[in-house]
Amino acid sequence: MKNGQLESRIVSAHKLDSLEKLSALAPNAGKPLSTRDVLCRNTVYTRKRKTTGRRSNQSAETRRDTTVNHAHGPHGAYTRGALVGCFEIECSEIAADHGDSHCSLEPAGQAAMNGVPNAFWAKLEKDDTGNVIAWHPLIDHCADVTAVFEALVALPTIRRRLARLGGVEDLDSVTVARLCVLVALHDLGKANLGFQAKGRPELGATAGHVGEAIALLTCGPDEFRTALGMEHLAEWGDGAGGLLLSSICHHGRPAGDAHSYQHSWWRPKFGLDPLAELTMLTKRLRDWFPIAFQGETSPLPSNEMFAHAFAGIVMLADWIGSDRRPSLFSFTEDQAQDRLTFARDRARIAIDHIGINVEKARMQIAARAMHDAFSLIAPGYSPRGGQTTLLHTELPTAPSVAVLEAETGSGKTEAALAWFIRLLAAGEVDGMMFALPTRTAATQIFNRVCKAIANAFPDELARPPVVLAVPGYLRVDETEGRRELPGFEVLWPDARGERERHRGWAAESPKRFLAAPIVIGTVDQVLLSGLMVSHAHLRAAALLRHLIVVDEVHASDDYMTRILESVLEHHRAAGGHALLLSATLGGEARARLLGIPRPDRATAQATAYPLLSITDRDGPTITPIAHDSRKRNIGVNIEPLME
């Protein structure tokens, strides 16, 4: 290899797209998995080291986590897999003890979660000097994240979108349980001692946990794959391997360049036994989700779009499940309590307070929205032109893309809001992303939308939060947050209680803007879901539940339009809805965005204006809009540009 890199025996890099291929990549490919049943242990054992002689000081080398160097693309990157090269190298464990050492097996005691970790951890809290003052157990964190995923998939819209992408009518309980198992394995790589060294320097050099987990599954000893139940997961279908990779690669993009398997990271040391920890994790999974291992159903979906959406929901679940605010997923205080019971309760609270669960909001408008949607958002006003046409148009059968073409100032914004209210009440969407071409346009329309939503949802407790998705701003509803040091936490000064503080959760990071139920931002937030960029999967998955509204869609150039077409294609495949607004679109652009044949010159010239075009499962429908003969008074304010 170049530059004097290690040239010892190399197992060639492979594409990983199933658990069978994960097993085939092992150095002893073709050898059947061990039949030793490590899942029946009722007690976790750790290796306790008895030493004689003096203990030496061991320096901790720092190694950057190089888990990711490049992405393979947002769609299909996970099922197509990650390139992993496996190296059989001679690794000598750096001795931390001088003299004779002996190992004995003793049951692991209860861990105190304050101070330096004395068991496997997943999350740390450090003081201002960098010293560890608290930690959260690895298995408990896995419970937190899988509980959030379970709660998200229980929401009808998300579940329906995933099922459609998976090519099935619905996700049955066995399939959901199996997906939860794969989600719980997302941080299995943190059981390596290189990662644990970040909280215990005496363990030696540090490591990451994503590429390291893949290297373990592909090149590690059979006993680890047996402990993790890989032979059982292989029975769940060819898609299980790609979905497991999607879960492991939950930090924003797929695993990239090759990672070597380091034997020393997975050997028992200083009371930590990675094999015993992963064995206990698998045992807990069997207790938490018994139907996943006992029930029968069709194989897990193996197509790219399903894996893309699954990866994004795992990222969202990990982000929510890692929020350690006291009202959400605080660090474990009593390890004797089953964490999943606690986590399931907190997961329901989290998605309710953040605004992901909009069932209360839906119930508040259900009685009036279908026949009086416009008066909900603009009481005292009567609809006109395109607003009337949209209100009288039968709701499309999913999926749908609608294009509303009308002159500037005709009320397309209110028409879009009324369309959203109707779709929300019908259970077709759970939110709205209103995308505009510029930051200025987004900030100007924000207060207008906030007022309309406040009119539609007078009950503040059921009102979905409205987030301004413009980087540099911290706005939710009428409240502006401030980012405080240390830790860059956000303070919401007008927040009243835990529910109010959580309303701004999605606004606190641009990567999770789209997790809010109502989002007002720039069109790039939508386009980023279709590019090979970090967290594209998270953005795309969050968009699935929304009505995508793109204002002034004609302002996009050819490059942006092509990306938007790709985003809409994915959105339609999941059964989503979109509404595009324009004053000057044109026949060719309209056809491209609707996904219908391009009209000839004569047809384009004969097309009416203003116009409402909708394409859904039943095909395209073109509806001319009657001109509004009412007079409008337009006010103009003249302000000096310079003092």
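The values are calculated or read from the model by the stated rules, or taken from the named source; none is laboratory data. Everything numeric in this text was worked out from a predicted model, so none of it was measured. Quick reminder, even Gly has a Cβ in these numbers, built from the backbone with ideal geometry, and neighbours come from all protein chains shown. These accessible areas exclude ligands, DNA and RNA; they are computed on the full protein's heavy atoms, side chains included. Shrake-Rupley method; radii C 1.70, N 1.55, O 1.52, S 1.80 Å.
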For region 399-415, name all the residues that are over 24 Å from Glu569 (Cα atoms) and in a loop (DSSP other than H, G, I, E, B). Ala406, Glu407, Thr408, Gly409, Ser410, Gly411
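Looking at Gly237, Gly242, Gly271, Gly252, which is the one that is over 24 Å from the mean Cα position of the chain (by Cα) and either open to solvent by less than 10 Å² (accessible area, probe 1.4 Å) or at pLDDT 90 or above (or both)? If you could, list the steps in order and put the result at the bottom.
On the way: Gly237 fails: over 24 Å from the mean Cα position of the chain (by Cα); Gly242 fails: over 24 Å from the mean Cα position of the chain (by Cα); Gly252 fails: over 24 Å from the mean Cα position of the chain (by Cα).
Going through Gly237, Gly242, Gly271, Gly252 in turn, just one is over 24 Å from the mean Cα position of the chain (by Cα) and either open to solvent by less than 10 Å² (accessible area, probe 1.4 Å) or at pLDDT 90 or above (or both): Gly271.
Which of the residues belonging to region 581-602 are surrounded by 12 or more Cβ atoms within 10 Å (Cβ to Cβ) and farther than 23 Å from Gly385 by Cα? I'd like the intermediate steps shown before the answer.
Start the filter on region 581-602 by keeping residues that are surrounded by 12 or more Cβ atoms within 10 Å (Cβ to Cβ), which leaves 581-587, 589-596, 598-599.
Arg592, Gly595, Ile596, Arg598, Pro599 - these are the residues of region 581-602 that are surrounded by 12 or more Cβ atoms within 10 Å (Cβ to Cβ) and farther than 23 Å from Gly385 by Cα.
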Going by the structure shown, is Phe293 hydrophobic (A, V, I, L, M, F, W, C), open to solvent by 10 Å² or more (accessible area, probe 1.4 Å), touching a Lys or Arg at 6+ places or on another chain (Cβ under 9 Å) and closer than 15 Å to Glu235 by Cβ? yes
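Yes/no matrix, rows are residues, columns are (1) touching a residue at least 12 places away in the same chain (Cβ under 8 Å); (2) crowded, with 20+ Cβ neighbours inside 10 Å; (3) touching a Ser or Thr at 6+ places or on another chain (Cβ under 9 Å); (4) in a loop (DSSP other than H, G, I, E, B):
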site: Ile356; (1), (2), (3), (4): yes, yes, no, yes
site: His371; (1), (2), (3), (4): no, no, no, no
site: Thr397; (1), (2), (3), (4): yes, no, no, yes
site: Ile421; (1), (2), (3), (4): yes, yes, no, no
site: Met433; (1), (2), (3), (4): yes, yes, no, no
From the list Gly204, Gly208, Gly194, Gly199, pick out the single residue that is of a type in the set (Gly, Ala, Ser) and within 20 Å of Gly252 (Cβ to Cβ). Gly208
Of everything in region 547-570, what is among the small types (Gly, Ala, Ser) and not in a helix (DSSP H, G or I)? Give them in sequence order. Ser556
Give the residue that is modelled with the highest pLDDT, with candidates limited to residues of region 133-153 that are over 13 Å from Phe120 (Cβ atoms) and more than 15 Å from the chain's Cα centre (by Cα). Ala143
So, Arg159, is that one in contact with a helix residue (DSSP H, G or I) (Cβ under 6 Å, 6 or more places away or on another chain) and either more than 30 Å from Asn303 (Cβ to Cβ) or open to solvent by 10 Å² or more (accessible area, probe 1.4 Å) (or both) or not? yes
Could you check, for region 311-333, whether at least one of its residues is farther than 25 Å from Glu508 by Cβ, assigned to a loop (DSSP other than H, G, I, E, B), open to solvent by 30 Å² or more (accessible area, probe 1.4 Å) and without any contact (Cβ under 8 Å) to a residue 40 or more places away in the chain? no
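Return the only residue of Gly208, Gly199, Gly167 being in a loop (DSSP other than H, G, I, E, B) and touching an Asp or Glu at 6+ places or on another chain (Cβ under 6 Å). Explain how you work it out, then say what you get.
Numbers: Gly199 fails: touching an Asp or Glu at 6+ places or on another chain (Cβ under 6 Å); Gly167 fails: touching an Asp or Glu at 6+ places or on another chain (Cβ under 6 Å).
Of Gly208, Gly199, Gly167, the one residue that is in a loop (DSSP other than H, G, I, E, B) and touching an Asp or Glu at 6+ places or on another chain (Cβ under 6 Å) is Gly208.
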